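Beneath this line is the structure, given in structure tokens, with notes to follow.
The values are calculated or read from the model by the stated rules, or taken from the named source; none is laboratory data. This one's a predicted model, so the numbers in the text were calculated from it and none came from an experiment. Don't worry about glycine lacking a Cβ; one is built from the backbone with ideal geometry, like all the others, and counts go over all protein chains shown.
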Amino acid sequence: MFGLIAALGLATAAQADGDKNKMAVPLLPHYQQECAACHLAFPPGMLPAASWNRVMNNLPRHYGADASLDPATVMELSTWLAANAGTYKRVREEPLQDRITLSSWFISKHREVSAVTWKLPNVQSASNCAACHTQADKGKFNERDIRIPR
């Protein structure tokens, strides 16, 4: 019995570590080029595969902008995002509108951030991760690297 419990614990820890690795996965150059032209190239582990699929299938209506890409690039990015999507229990949930900032894990992690902070000129929105997370462009969101603008 103890062996089964230990094995389950190791499997859960491995899955959690797997998602941490997906947060820091090296970004596909095409993904970096296309997505970071307008916003942070969010780590693929921040959304489940179903959400990334919808995001990629709706590029002409990408959160109010036309982010259309050629079919080959869409296929390349979609395949990479699906392979590196979040699978751990906190990310597996598909957030409203497939927005990272509306996911329960994001809200939980940012519950102490005041509404005033989100409206600061250097922040402007919850989707501007790099405003506070100094290593966000590297897919690193460690709490020791947070600097809240004033």
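For first residues located in the stretch 25-48 and of a type in the set (Phe, Trp, Tyr), partners that are surrounded by 18 or more Cβ atoms within 10 Å (Cβ to Cβ) and assigned to a loop (DSSP other than H, G, I, E, B) and lie 6+ apart or on another chain with Cβ distances below 8 Å form the pairs Tyr31/Ala41. Selection of the stretch 36-81 for residues being more than 19 Å from Leu102 (Cβ to Cβ) and of a type in the set (Phe, Trp, Tyr) yields only Trp80.
Only one of Tyr63, Tyr88 is under 22 Å from Gln32 (Cβ atoms) and surrounded by 12 or more Cβ atoms within 10 Å (Cβ to Cβ). Can you tell me which?
From the options Tyr63, Tyr88, the qualifying one is Tyr63.
Restricting attention to the stretch 1-39 and to residues that are surrounded by 11 or more Cβ atoms within 10 Å (Cβ to Cβ) and part of a loop (DSSP other than H, G, I, E, B), the residue that is modelled with the lowest pLDDT turns out to be Ala24. Residues in the stretch 133-150 that are in contact (Cβ under 8 Å) with a residue 24 or more places away in the chain, within 14 Å of the chain's Cα centre (by Cα) and part of a loop (DSSP other than H, G, I, E, B): 3 in all.
Taking the criterion of being outside any loop (DSSP other than H, G, I, E, B), surrounded by fewer than 13 Cβ atoms within 10 Å (Cβ to Cβ) and not β-branched (Val, Ile, Thr), the residues of the stretch 104-129 that qualify are Ser104, Ser108, Ala115.
Do you know which residues across the stretch 49-68 are of a type in the set (Lys, Arg) and in contact (Cβ under 8 Å) with a residue 12 or more places away in the chain? So that I can check it myself, show each step before the final result.
Going residue by residue through the stretch 49-68, those that are of a type in the set (Lys, Arg) are 54, 61.
Arg54, the sole residue that qualifies.
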